[in-house]
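Everything on this sheet refers to the single structure shown next.
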Amino acid sequence: MSIAAENAAATPAKPLARINWVALAPWLYTIGLFVLWELLVIALEMPPTILPAPSRVFQAILQYWSPIWKNSLQTLYTTTLGFAIAVVAGLGIGLFIGWSKTIYAGLYPLMIGFNAIPKVALVPILVIWFGIGTIPAVLTAFLISFFPIVVNVATGLATIEPETEDVLRALGARKMDIMLKVGIPRSMPYFFGSLKIAITLAFVGSVVSETVASNYGLGNMMSSAQSQFNVPLVFAGLLMLAVEGIAMYALMAWIEKRMTGWAHRSTMAQ
Amino acid sequence: MAHLVSPLVSIENVDMRYGGANGTLAVSGLSMKVGKGEFAAVVGPSGCGKSTLMKLVTGLHIPQGGGVIVAGKQVTEPVSIVGMAFQNPTMLPWRTTLDNILLPLEIVERHRHRLRKHKAEYVEKAERLLETVGLKGFGSKFPWQLSGGMQQRANLCRALIHEPELLMLDEPFGALDAFTREELWCVIRDLHAAQGVTIVLVTHDLREATFLADRIFVMSARPGRVLKEHVVPFARPRELDLMYEKGFNDMVHELHGEIAQARVAA
Ligand SMILES: Nc1ncnc2c1ncn2[C@@H]1O[C@H](COP(=O)(O)OP(=O)(O)OP(=O)(O)O)[C@@H](O)[C@H]1O
Ligand SMILES: [Mg+2]
């Protein structure tokens, strides 16, 4: 979108000498957190088997870089795969549910019930069906992340303004026309907004499944490190997860902004 | 009168109830006729069924009793010879103003198959309409980049793009300031004069009704029916100065009295 580009181009036009504290803040706060953590560990003389200092964690990352890297990629792979399936299925089911008031009314309670089930409880069943490894991790990531997508897409469709619908119906529009011209474009901001929530949930799903039922992935790496009392490595795994989570979240936020700039603009204008 | 022999819109003794047998009876025993090329205005107390009347004529609602006939045909489904505009402009925010105006052409049977091939021709037409309502050059803007009054003008263009024989306007100027409103009155007046389109305007503004319409229907409180029908005697073309004449104000006054009475009677 050209508007977005214009906006981005306009930012650096400010005087360069001024420090942009807002842009720096996330980095400063992160560094601050690590410093605080380091000081706390030193002050309380924590043994690394309980709470390792960040310096110790970074050291562990360097020391175990090869397994960390391999397992991080594995987790990223199961998470994104499960998430991708969730996007496709969530979009499809969301459109289906939002299609008619009857389907919406009939399936919504079922969906709520399904969402109330802790997905962790499904992992043993998935293991019985598919064995341990990549598949249950992918499926858990999928199961846990597709619900917010479905709900958001269905809500976007179900909340079309009746007046807009009337204008189109009076012209002889069929249900399909209304969905294509209004429903689907309208639900896109909801959809892209839900991706941010879904991707973080997908990480939760894949890591939980890897922890209890896999020989690969950060979840598995952390649980075996824990059984060897290698606490710095556990924290290194957590840190990698946080990094992956932030990166994917940022990607989703960026996609959201690219695809539905009009939604931010139009609500701002009101 | 000649036009009553073959009215474009004919509503006969219509009953319309919302929400099943025990629901709200919105209109009851409603009858009115609008001749081809005529400009009709409908006024009445709030909640008396004016918007319902609009939806009955366009076929968005089918009445439980009586009949609605538009262009010689009983209405049983949405009629595509109408254009509609509401108080709320309902522009789609992800489309440019021009694409919003072209939207009806993507729907209406007669145009949707021609649209791709004859795009340039249609775009030109949309731009002519934009010019008529004073929005020349704003086609590429998004609706949220336009003011409320500008959106309402674009909304009128959208209602007109497929050359409807019948234009249904439901309080289209309600949310606008007095000056913009008067300006748009003139736009509508000129469109009506130039294109010979039949217009039904629902409004709360009695001066608006008197200034624009050939005929004014006064409705009763809910369940709505037509209490009285006025023929507006002022010659066309009408100028805004008309509103300062005594005859005009007398008519507005009379309408005001009738609606006040209809409210009390409820
Ligand atoms: N979709 C609906 N479901 C149930 N009742 C409705 C519905 N739409 C309108 N009504 C009822 O029908 C009556 C007439 O409504 P309508 O919208 O036609 O009034 P109106 O004359 O347009 O009012 P206003 O001047 O305030 O716009 C009202 O009492 C309203 O409560
Ligand atoms: Mg109304």
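The alpha-carbon of A:Lys119 sits under 25 angstrom from the alpha-carbons of these lysines, leaving out residues fewer than 8 places away in its chain: A:Lys196. Note that chain A presents 54 Å² accessible area per residue, ligands and nucleic acids not counted, probe 1.4 Å. Taken residue by residue and averaged, Cβ atoms of other chains lying within 10 Å of the Cβ of B:59-71 number 1.
Going from the isolated chain to the complete set of protein chains, the range B:135-172 loses at least 20 Å² of heavy-atom accessible area (1.4 Å probe) at B:Phe142, B:Trp144, B:Arg158.
The base-10 log of I(q)/I(0) for the range B:90-164, evaluated at q = 0.23 Å⁻¹, reads -1.00 [Debye formula, identical scatterers on Cα atoms, solvent excluded]. Set against the 2.2 N^0.38 Å expectation for a compact globular protein, the range A:92-205 has a Cα radius of gyration ratio of 1.28. Our Cα-only numbers for the range B:196-266 put the radius of gyration and Dmax at 12.7, 38 Å. Ranking A:Ser66, A:Gly131, A:Thr260 by Cα position along the charge dipole of chain A, where only Lys, Arg, Asp and Glu carry charges on their C-beta atoms, puts A:Thr260 farthest toward the positive end. Classification of chain A by its C-alpha gyration tensor yields an oblate form. The axis ratio a/c (a ≥ b ≥ c) is 1.5 or more, and b/c is at least a/b.
Backbone amide hydrogens, once placed in the peptide plane, bring B:Leu8 within less than 5 Å of B:Val34, B:Gly35, B:Lys36, excluding anything fewer than 5 places away on its chain. Evaluated with a Cβ-only charge set (Lys, Arg +1; Asp, Glu -1), chain B carries a dipole of roughly 720 debye about its Cα centre, given to the nearest 20.
Accessible surface buried by the B/A pair amounts to about 2200 Å², both sides summed, 1.4 Å probe. Relative protection proxy for A:159-165, A:22-28, A:197-203, B:24-30, from highest mean packing down: A:197-203, B:24-30, A:159-165, A:22-28 (other beta-carbon atoms within 10 angstrom). Ignoring ligands, DNA and RNA, what percent of the 1.4 Å accessible area of the protein assembly as shown is carbon and sulfur? Reported share for carbon and sulfur atoms: 63 percent. Judged by the gyration tensor of its Cα atoms, with axes a ≥ b ≥ c, the range A:20-89 is oblate; a/c meets the 1.5 cut and b/c is at least as large as a/b.
For the range A:54-268, a crude dipole built from +1 on the beta carbon of Lys and Arg and -1 on the beta carbon of Asp and Glu, taken about the Cα centre, is about 180 debye to the nearest 20. Mean residue ellipticity, 222 nm, helices only, the protein assembly as shown: the sum of -39500 (n - 2.57) across DSSP H runs of n ≥ 4, divided by residue count and rounded to 500, is -19000 deg cm²/dmol.
Charged side chains reduced to their Cβ positions (Lys and Arg at +1, Asp and Glu at -1) give the protein assembly as shown a dipole of some 840 debye around its Cα centre.
Cross-link check: pairs A:Lys101/B:Lys55; B:Lys50/B:Lys228; B:Lys36/B:Lys73 evaluated at a Cα-Cα cut-off of 18 Å; pairs beyond the cut-off: A:Lys101/B:Lys55. Find out how many positive minus negative residues lie around B:Gln152, taking Lys and Arg as positive, Asp and Glu as negative, among other residues whose Cβ is under 15 Å from that of B:Gln152. Its environment carries a net charge of -4.
Annotation for the range A:21-62 versus the range B:192-266: alpha-carbon center distance of 76 Å. Shielding of peptide B:102-110 by partners, expressed as the average count of other chain Cβ atoms within 10 Å per residue Cβ, is 4. Among the trypsin sites (Lys or Arg not before Pro) within the range B:48-142, those in coil by DSSP and having at most 16 neighbouring Cβ atoms inside 10 Å are B:Arg114, B:Arg116, B:Lys117, B:Lys136, B:Lys141. If you sort B:Tyr18, A:Tyr77 by accessible surface, 1.4 Å probe, largest first, the order is A:Tyr77, B:Tyr18. Restricting the calculation to alpha carbons of the protein assembly as shown gives Rg and Dmax of 31.7, 102 angstrom.
Take chain A and mark each of the trypsin sites (Lys or Arg not before Pro) that is in a DSSP loop with at most 16 other Cβ atoms within 10 Å; the longest unmarked stretch, sites excluded, is A:19-173.
Could you give the distance between the Cα centres of the range B:66-107 and the range A:205-270, to the whole Å? The distance from the Cα centre of the range B:66-107 to that of the range A:205-270 comes to 47 Å.
When you count the other C-beta atoms within 10 angstrom of each residue and take the mean per peptide, B:178-189, A:33-44 line up highest first as B:178-189, A:33-44. Burial of accessible area (probe 1.4 Å, heavy atoms of protein chains only) in the range A:163-188, relative to its chain alone, reaches at least 30 Å² for A:Glu163, A:Thr164, A:Asp166, A:Val167, A:Leu168, A:Arg169, A:Ala170, A:Leu171, A:Arg174, A:Asp177, A:Lys181.
Counting charges near A:Met252 (Lys, Arg +1; Asp, Glu -1) among other residues having Cβ under 14 Å from its Cβ returns a value of +1. When the Cα positions of A:Gly82, A:Thr164, A:Gly32 are compared along the charge dipole of chain A, A:Thr164 comes out farthest toward the positive end, with charges on each C-beta of Lys, Arg, Asp and Glu. When the Cα positions of B:Thr132, B:His162, B:Thr90 are compared along the charge dipole of the range B:90-164, B:His162 comes out farthest toward the positive end, with charges on each C-beta of Lys, Arg, Asp and Glu. Can you give the local net charge around B:Leu227? Use residues other than it whose beta-carbon is closer than 12 angstrom to its beta-carbon, Lys and Arg +1, Asp and Glu -1. Net charge in that neighbourhood comes out at +1. For a straight C-alpha distance cut-off of 15 angstrom, the aspartates and glutamates reachable from B:Lys119 (same-chain residues fewer than eight places away being disregarded) are B:Asp99, B:Glu106, B:Glu127. With only Cα atoms counted, the range A:52-113 has Rg and Dmax values of 20.7, 58 Å.
Heavy-atom accessible surface of chain B, averaged per residue, reaches 44 Å², computed with a 1.4 Å probe.
The values are calculated or read from the model by the stated rules, or taken from the named source; none is laboratory data. None of these values were measured; they are calculated from a predicted model. Glycine gets a Cβ as well: all are built from the backbone with ideal geometry, and neighbour counts include every protein chain shown. SASA here: full protein model, heavy atoms, side chains in, ligands and nucleic acids out. Shrake-Rupley method; radii C 1.70, N 1.55, O 1.52, S 1.80 Å.
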